[in-house]
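Input: a single structure, listed below in structure tokens.
The values are calculated or read from the model by the stated rules, or taken from the named source; none is laboratory data. Quick caveat: nothing in here was measured; it's all calculated off a predicted structure. Reconstructed Cβ throughout: ideal geometry from the backbone, glycine too, with neighbour counts over all protein chains shown. Please note that ligands, DNA and RNA were not included when accessible areas were found on the heavy atoms of the full protein model with its side chains. Shrake-Rupley method; radii C 1.70, N 1.55, O 1.52, S 1.80 Å.
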Amino acid sequence: MGSITIRNTIASDLPLLPALETAAYEPFRAIGMADFANRQPPTLEELAAYHDTGHAWVAAVSEDEADSGTPIAFVLVYVVNNDGLGWKSAFIHEISVSPEYARRGIGKTLIDHVASWAQQNGLRALDLATYVNVLWCKPYFERLGFRVVDEEELLMNEYSGVRRLIMCEWHDELLGRWRRVAMRKFL
Ligand SMILES: CC(C)(COP(=O)(O)OP(=O)(O)OC[C@H]1O[C@@H](n2cnc3c(N)ncnc32)[C@H](O)[C@@H]1OP(=O)(O)O)[C@@H](O)C(=O)NCCC(=O)NCCS
């Protein structure tokens with residue numbers, strides 16, 4: 001295996017990410033979530049929106065230092081202004097690691113990288129939405145320091161951005177079919 005680096009996306013990464021996502025979500029098929037595994041990966045336009053704002057990172061494997069490497073994992077983030085007054089967090093819209101490279105700490109390294117970036121940019125937390133029933137979702141993020149945002153907290157100002165997002169997902173015909181919770185890790 002070559003060396004793995006975490007870096008912002010470059011334009012030539014983007015066409016490679018939809019297939020990477022489809023492969024990463026394959027394990028959902030075996031746990032009765034085939035419709036979720038079958039959903040459309042992000043389009044190039046959606047990926048470009050994250051790329052253009054500098055909110056997309058990849059783990060890339062390369063054989064020599066001069067090479068920018070091939071993406072084997074990625075994370076997409078957007079900044080949420082929770083109370084409209086500057087209580088900002090980074091919402092992890094998606095994280096995917098190629099199954100070939102799974103369980104080697106790459107997911108954790110990507111999340112740590114986003115956490116450092118968020119701290120440097122004055123953001124106060126990392127947020128995400130995930131499934132309660134899936135072994136590599138909620139328990140995994142708990143081990144990385146996230147905790148579930150309970151219903152009372154969701155009503156508070158500093159959670160208003162993440163509340164809007166999770167409510168959209170609860171009402172989404174596909175995503176809302178399995179129990180989904182918001183999680184936050186304070187920085
Ligand atoms: C979740 C994900 C990002 C983790 O990335 P990763 O690089 O494999 O994770 P790490 O190496 O940092 O941590 C590994 C831990 O994740 C958990 N995990 C990952 N895949 C798992 C699986 N298929 N079954 C059970 N646990 C799993 C385990 O706790 C594992 O620890 P262990 O190997 O000591 O048992 C990756 O599995 C992935 O891309 N999954 C598909 C997409 C996804 O589910 N995204 C989250 C949506 S809610």
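At a glance:
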quantity: All positions within region 107-134 that are open to solvent by 40 Å² or more (accessible area, probe 1.4 Å), more than 19 Å from GLU21 (Cα to Cα) and within 15 Å of the ligand (Cβ to nearest atom); calculated: ASP112, HIS113, VAL132, ASN133
quantity: Exclusive hit being out of contact with any strand residue (DSSP E or B) (no Cβ under 6 Å at 6 or more places or on another chain) and of a type outside the set (A, V, I, L, M, F, W, C), set ASP112, ASP127; calculated: ASP112
quantity: Number of the condition not met by GLY145 [criteria: (1) modelled with pLDDT of 95 or more; (2) open to solvent by less than 30 Å² (accessible area, probe 1.4 Å); (3) assigned to a loop (DSSP other than H, G, I, E, B)]; calculated: (2)
quantity: Members of region 2-57 that are within 20 Å of LEU110 (Cα to Cα) and among the small types (Gly, Ala, Ser); calculated: GLY2, SER3, ALA11, SER12, ALA19, ALA23, ALA24, ALA48, ALA49, GLY54, ALA56
quantity: Residues (assigned to a loop (DSSP other than H, G, I, E, B) and surrounded by 15 or more Cβ atoms within 10 Å (Cβ to Cβ)) located in region 3-48; calculated: THR9, TYR25, MET33, PRO41, PRO42
quantity: Complete set of residues in region 166-187 that are touching an Asp or Glu at 6+ places or on another chain (Cβ under 8 Å) and closer than 25 Å to ARG39 by Cα; calculated: LEU174, LEU175, GLY176, ARG177, ARG180, ALA182, MET183
quantity: Residue list for region 148-163, restricted to those being assigned to a helix (DSSP H, G or I) and loosely packed, with under 12 Cβ neighbours inside 10 Å; calculated: GLU151, GLU152
quantity: Residue count, region 164-187 (criterion: farther than 16 Å from LEU123 by Cα, open to solvent by less than 80 Å² (accessible area, probe 1.4 Å) and not hydrophobic (A, V, I, L, M, F, W, C)); calculated: 4
quantity: The lone exception for CYS137 - which of (1) in contact (Cβ under 8 Å) with a residue 12 or more places away in the chain; (2) surrounded by 15 or more Cβ atoms within 10 Å (Cβ to Cβ) it fails; calculated: (1)
quantity: Long-range neighbours under 8 Å by Cβ, at least six apart or interchain, first residue touching a residue at least 24 places away in the same chain (Cβ under 8 Å) within region 86-111, second within 10 Å of the ligand (Cβ to nearest atom) and of a type in the set (Ser, Thr, Tyr); calculated: SER96/TYR25; GLY107/TYR140
quantity: Residue check for ILE95: under 14 Å from the mean Cα position of the chain (by Cα), within 12 Å of the ligand (Cβ to nearest atom), surrounded by 14 or more Cβ atoms within 10 Å (Cβ to Cβ) and not in a helix (DSSP H, G or I); calculated: yes
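One line per residue, one yes/no per condition, for (1) more than 21 Å from TRP170 (Cβ to Cβ); (2) at pLDDT 95 or above; (3) among the small types (Gly, Ala, Ser); (4) part of a strand (DSSP E or B):
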residue: TYR50; (1), (2), (3), (4): yes, yes, no, no
residue: GLY54; (1), (2), (3), (4): yes, yes, yes, no
residue: PRO71; (1), (2), (3), (4): yes, yes, no, yes
residue: LEU76; (1), (2), (3), (4): no, yes, no, yes
